[in-house]
1. Using the structure shown, decide if S87 is polar (S, T, N, Q), under 13 Å from the mean Cα position of the chain (by Cα) and at positive phi.
2. I'd like to check something: does region 285-294 contain any residue that is closer than 24 Å to D104 by Cβ and either at pLDDT below 95 or not in a helix (DSSP H, G or I) (or both)?
3. Can you tell me how many residues in region 214-224 are of a type in the set (A, V, I, L, M, F, W, C) and surrounded by fewer than 16 Cβ atoms within 10 Å (Cβ to Cβ)?
4. Within the group D48, D81, which residue is in the same structural domain as D203 (by TED's automatic domain parsing), closer than 26 Å to V263 by Cβ and surrounded by fewer than 19 Cβ atoms within 10 Å (Cβ to Cβ)?
5. Would you call A99 at pLDDT 95 or above, buried (at least 22 other Cβ atoms within 10 Å of the Cβ), over 15 Å from the mean Cα position of the chain (by Cα) and within 27 Å of H156 (Cα to Cα)?
6. Out of all the residues in region 269-284, which are farther than 20 Å from F20 by Cβ and either β-branched (V, I, T) or not in a loop (DSSP other than H, G, I, E, B) (or both)?
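The values are calculated or read from the model by the stated rules, or taken from the named source; none is laboratory data. If you're wondering where the values come from, they're calculated on a predicted model, not measured in any experiment. Here the Cβ positions follow ideal geometry from the backbone for every residue, glycine too, while neighbour counts run over all protein chains shown.
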Amino acid sequence: MTAIAFPGMGPVKFADVAKFMLINPFARELLTTADDVLGYDLFAALRDSGSDYAEAAQVAFLVNSLALARWAEQRFEFEPDLCTGASFGGKAAAVHSGALGVEDGIRLTADLVRVETEYFAEHHGDVVTLSFARTPRDELDRVLAELDDWHEISCHVDEDFYMVSLKRDRLGWFQQRLKAAGGLPLYEMDPPMHVSAFAGLRDRVERELFPGLAFRDPRTPVVADQDGSVRTTAEGVRAILLDGVVRPVRWPEVVRSLRAEGVTTLCVAGQDSLFGRVACTTNNFTVIAATPRLAMQPHKRPALRRAA
């Protein structure tokens, strides 16, 4: 069995995706759709964007992930048995599974940028999310026990890879304490996500954005990134997107669910430096990394990372 996974979003250089967006037929089609929905030239906006998480960057990441999934299915001749998305990738999973239309997915992505920007300008401006590796859970628990301030685990990526949300003025202490424990602090997410304190944002998204979206039962079942449950209804997929605002990502639970369903091959569609590369993924699946670079090399077979 084969599943498609859409990764969370990270910074992407325009040069790394520009040629793919202009040449790949799936990307060109989706780019045209995005232009119509947004009312502006997405490619030009991405080129001129000065922020890794600007509206154009987020919509482009969605468009490219969807295009890569379509390309991979054609190139490697498979139909996915299951679909999943980590964090930002949940929107792409909702669209690719058939639970949400492409136009709605693009519109939701763009509108979320606006709503989140407005929300964090007024609330929780002192919160940031830090990702870090080489920190087993027992060691992380000891460090967190010393953190004399509010915090939450926002993402469990692998057995020693987590993301924690905390107050910005405690970030320096936390980074140094992780290093002292042998951990490797990586990058900051700002604005943060997957925090229970953001219930007001979840309610606003549901109230303002979701009434205009048409959810359907997915053609391909979707595995929720919060708990690994398999969703087969419109309401189930809808809940994944809303719960992602306030519930942490638990990638090992997704992996366990996919394995239990019989998945042996995982196609990670999108530019990914995390979820398709960590040990809990590569030890359990043969991984096809469907990236713009691979898609621009049509005569080469992928370098498969086989499960140990």
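1. Details: polar (S, T, N, Q): yes; under 13 Å from the mean Cα position of the chain (by Cα): yes; at positive phi: yes.
Considered against the rule, which asks whether it is polar (S, T, N, Q), under 13 Å from the mean Cα position of the chain (by Cα) and at positive phi, S87 comes out as yes.
2. Residues of region 285-294 that are closer than 24 Å to D104 by Cβ, as a first pass: 290.
After this cut, where a residue has to be either at pLDDT below 95 or not in a helix (DSSP H, G or I) (or both) as well, the list is 290.
Checked against the condition, which is being closer than 24 Å to D104 by Cβ and either at pLDDT below 95 or not in a helix (DSSP H, G or I) (or both), region 285-294 yields at least one hit.
3. At the first step, the residues of region 214-224 found to be of a type in the set (A, V, I, L, M, F, W, C) are 214-215, 222-224.
From the residues that got through so far, the ones that are surrounded by fewer than 16 Cβ atoms within 10 Å (Cβ to Cβ) too are 214.
Of the residues in that region, 1 qualify.
4. None of the others qualify; the one that does is D81.
5. Details: at pLDDT 95 or above: yes; buried (at least 22 other Cβ atoms within 10 Å of the Cβ): yes; over 15 Å from the mean Cα position of the chain (by Cα): yes; within 27 Å of H156 (Cα to Cα): yes.
In short, yes.
6. Matches in region 269-284: V278, A279, C280, T281, T282.
Table: residues versus (1) in contact with a strand residue (DSSP E or B) (Cβ under 8 Å, 6 or more places away or on another chain); (2) buried (at least 17 other Cβ atoms within 10 Å of the Cβ); (3) more than 15 Å from A197 (Cβ to Cβ).
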| position | (1), (2), (3) |
| --- | --- |
| T117 | no, no, yes |
| D126 | yes, no, no |
| V143 | no, yes, yes |
| L147 | yes, no, yes |
| V157 | yes, yes, yes |
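Rundown of residues vs (1) out of contact with any strand residue (DSSP E or B) (no Cβ under 9 Å at 6 or more places or on another chain); (2) touching a residue at least 12 places away in the same chain (Cβ under 8 Å); (3) of a type in the set (F, W, Y), yes/no style:
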site: G8; (1), (2), (3): no, yes, no
site: F14; (1), (2), (3): yes, yes, yes
site: G50; (1), (2), (3): yes, no, no
site: F61; (1), (2), (3): yes, yes, yes
site: S65; (1), (2), (3): no, yes, no
site: F76; (1), (2), (3): no, yes, yes
